[in-house]
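A short worksheet on the structure shown next.
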Amino acid sequence: MAKQAKKRATRKTAARRPRQAPKMLSDLFLETLKDIYFAENKILKTLPKMAKAAHSKQLAAAFNKHLRETQGQVKRLEQIFRMLGKPARGKPCEAINGITDEGAEIMKDFKGAPALDAGLLAAAQAVEHYEISRYGTLRTWAEELGMADAARLLQATLDEEEATDHALSELATSVINLEAEQEMREAA
Ligand code: FE
Ligand code: FE
Ligand code: FE
């Protein structure tokens, strides 16, 4: 008679239970891509208004130049969505909504005022800084995820955002000088 082996509990007490797939860096990457996709589309609608409002021709030209770049940036994001096999879809970004709301408020409150351009510049730089932060993060995550092509596209956009930020800083001096002259003339 075969001795039946005594069955012993082999299972560990902390047995593995099925649970939801953990959120990975790739999930975060996709969510953040949707965030900046929403932001870029919002910026596409905002830049023409800012260009129209600007007193300085140079400032208006800078906004229009960046509008064209932004159209290309949206295309780059769409390329990355395609690489991921996901539809290009935005997710409301409250940060860009807030920053552009502030810009709209300046345009309204400083309409026709000498300080308008300084305000537009400040609003535009706030937008660029948000984008620089997002693209820097996305580029780094793309590298970590082994997505070299996506990283290159994100770096190309990051370079444009940084160049725009620098160009706006350069303009700030001339815009503020122009404004000071105007204020002096008005005071005379
Ligand atoms: Fe952009
Ligand atoms: Fe956001
Ligand atoms: Fe930008």
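The values are calculated or read from the model by the stated rules, or taken from the named source; none is laboratory data. From a predicted model like this one, the values you see are computed outputs, not experimental measurements. Note that we place each Cβ from the backbone using ideal geometry, even for glycine, and neighbour counts take in every protein chain shown.
What the table shows:
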read-out	value
Contacts under 7 angstrom Cβ, first residue in segment 51-80 being within 10 Å of ligand 1 (Cβ to nearest atom), partner of a type in the set (Ser, Thr, Tyr) and assigned to a helix (DSSP H, G or I), 6 or more apart	66/164; 73/157; 76/157; 77/37
Which numbered condition residue 164 fails, given (1) hydroxyl-bearing (Ser, Thr, Tyr); (2) farther than 18 Å from residue 38 by Cβ; (3) away from ligand 3 (no atom under 14 Å from the Cβ)	(3)
Close pairs from segment 140-164: first crowded, with 19+ Cβ neighbours inside 10 Å and assigned to a helix (DSSP H, G or I), partner modelled with pLDDT under 95 and hydroxyl-bearing (Ser, Thr, Tyr), Cβ under 7 Å, at least 6 apart	none
Residue 108 being within 30 Å of residue 183 (Cβ to Cβ), without any contact (Cβ under 8 Å) to a residue 12 or more places away in the chain and of a type in the set (Lys, Arg)	yes
When residues of segment 167-188 are limited to those that are over 30 Å from residue 33 (Cβ atoms) and of a type in the set (Ser, Thr, Tyr), the one modelled with the highest pLDDT	173
Positions within segment 126-139 being without any contact (Cβ under 8 Å) to a residue 60 or more places away in the chain and either within 10 Å of ligand 3 (Cβ to nearest atom) or closer than 17 Å to residue 83 by Cα (or both), in sequence order	128, 129, 132, 139
Selection count, segment 75-103, where residues are farther than 27 Å from residue 122 by Cβ, in a loop (DSSP other than H, G, I, E, B) and of a type outside the set (D, E, K, R)	3
Residue in segment 40-53 that is farther than 28 Å from residue 112 by Cα, within 16 Å of ligand 2 (Cβ to nearest atom) and charged (D, E, K, R) present	no
Residue that is surrounded by the most Cβ atoms within 10 Å (Cβ to Cβ) [pool: residues in segment 78-110 that are aliphatic (A, V, I, L, M) and within 16 Å of ligand 2 (Cβ to nearest atom)]	96
Test: residue in segment 24-39 that is within 16 Å of ligand 2 (Cβ to nearest atom), closer than 30 Å to residue 112 by Cα and at pLDDT 90 or above	yes
Residue under evaluation residue 109, criteria (1) touching a helix residue (DSSP H, G or I) at 6+ places or on another chain (Cβ under 6 Å); (2) more than 16 Å from ligand 1 (Cβ to nearest atom), criterion not met	(1)
